[in-house]
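Some notes on the structure that comes next.
Every read-out reported here was derived from the displayed coordinates using simple, explicitly stated rules and does not represent laboratory data. Bear in mind the structure is a predicted one, so any value in this text is a computation, not a measurement. Every residue, glycine among them, receives a Cβ derived from its backbone with ideal geometry; neighbour counts consider all protein chains shown.
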């Protein structure tokens, strides 16, 4: 009997991101800022002046092109699968969404303070939050992160190396 994956929330988030990207790619260009703005990307005037606060959330699932999506999903898998196994599904989701929305709020604040109006999207804030969460787990466990890292380290290194080779060759 096949065992169910322990990182079901990580897999679900990756699936949602890929599905959103495929749908948006079928109806337009995900590299186009105006197109992404029409579909929920973050933009300071829309959030502040029009009170479109949902953009702080929806922008977490939008990516500007395949490279942006692949980079974020590789990192989400590498960090998220470990974090979810170590901290559990609920803590994983809390960390992911609080960090993602928090990162968007920080970006919104920064752009407002520097009088910038930038269309932005992606899961980078959430991924940085997972990285911070993993560092906290290591700190709380006095430098240890369980057995999951040893198994994943080689897989992650190989996958990330292939991705960066792909990035380099496509430019």
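A few comments on the model shown:
- Cα shape, the stretch 6-122, gyration tensor, a/c 1.5 rule: oblate
- Extension reserve of the residue 128-residue 116 stretch, reckoned as 0.36 nm per residue once the Cα distance is removed: 2.1 nm
- Relative frequency of Cα-Cα separations exceeding 14 Å in the stretch 31-77, percent: 52
- Simple spin-label estimate for residue 141 and residue 106 gives 2.4 nm between the two label positions (7 Å along the Cα-to-Cβ direction from each Cα).
- Shape category assigned to the stretch 59-124 from the gyration tensor of Cα positions, a/c cut at 1.5: oblate
- Extending 7 Å from Cα along the Cβ direction at residue 25 and again at residue 12 yields two label points whose distance is 2.4 nm.
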